[in-house]
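To keep things clear, I will list the structure first and then write my remarks on it.
The values are calculated or read from the model by the stated rules, or taken from the named source; none is laboratory data. Keep in mind it's a predicted model, so treat the numbers as computed, not measured. All Cβ positions, glycine included, derive from the backbone under ideal geometry; neighbour counts span all protein chains shown.
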Amino acid sequence: MTLRINHVSINALNLRESVEFYVDLLDAELIATPNFGLPVQWLALGGTQLHLFQADLQPTSHHHLGITVEDLEPVYRAAERRAAFDDEAFGNRLVELPGDVVQLYVRDPAGNLVEIDQHGAERLPDDLRARLKGLWDFNPQNDENMSARLFVPG
C-alpha cells in the first residue's frame, strides 16, 4: 500500500486574509472548491492541497503543518513583510535540525503555526544564518537524537 498525505485542513478566521497569506508566502494556487455550506477555499501547494475553512477556532500552541520549499529566503522575506514570525513555540523563528535542515516558524492570520523547511543551512544568506539556532542550543541531543532525519530532500 502506498500512503501519502493529500491535504491538510486548517481554520481561517478571515478566509480572504488567510488565502492572501498563503498565496503571498508560498505562491499557493487557488483551485476549484466544492460547496461545503461554509466558507472554504482549497489551495494547491505542489502535489498537496491546503484546505482553509472559515471558523471561529483558536489553534493550539504547537500543532502545525510542515511545508518543504526549495528556497527559504523568499518565504522569510514575505513573512518579514507580514510580521508573521513565531519565536515562541520552538524558541526561535529559524531552527536547524540534525541532518542540515532549516525550519522557519510563522503564524498565519488565524494563528496557525506553519513550519517551512529547507535542506542546507549554508544556502541561507548571511543575515538569516546569523539568526539560525540549532535545536541543540535549546535541548540536549544524544547520538540517537542527532541521527534523526526529517523527510526533506537534499
inquiry  = Condition first: in contact (Cβ under 8 Å) with a residue 24 or more places away in the chain and either of a type in the set (S, T, N, Q) or buried (at least 20 other Cβ atoms within 10 Å of the Cβ) (or both). Now tell me which residues in the range 106-127 satisfy that.
reply    = Val106, Asp108, Ala110, Asn112, Leu113, Val114, Ile116, Gln118, Leu124
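Got at least one residue in the range 90-98 being modelled with pLDDT of 95 or more and surrounded by fewer than 15 Cβ atoms within 10 Å (Cβ to Cβ)?
Within the range 90-98, none of the residues are modelled with pLDDT of 95 or more and surrounded by fewer than 15 Cβ atoms within 10 Å (Cβ to Cβ).
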task = Would you mind listing the strands (runs of 3 or more DSSP E) fully within the range 63-129 where at least 3 residues are out of contact with any Gly (no Cβ under 9 Å at 6 or more places or on another chain)?
result = 64-68, 101-107
query = Failed condition for Trp42, given (1) touching a helix residue (DSSP H, G or I) at 6+ places or on another chain (Cβ under 8 Å); (2) part of a strand (DSSP E or B), with all others met?
reply = (1)
message = With the requirement that a residue be of a type outside the set (Asp, Glu), outside any strand (DSSP E or B) and under 17 Å from Ala110 (Cβ atoms), what does the range 1-35 give you?
response = Leu13, Asn14, Leu15, Arg16, Ser18, Val19, Phe21, Tyr22, Val23, Leu25, Leu26, Ala28
request  = For the range 23-38, state whether one or more residues are over 14 Å from the mean Cα position of the chain (by Cα), in contact (Cβ under 8 Å) with a residue 40 or more places away in the chain and surrounded by 14 or more Cβ atoms within 10 Å (Cβ to Cβ).
outcome  = no
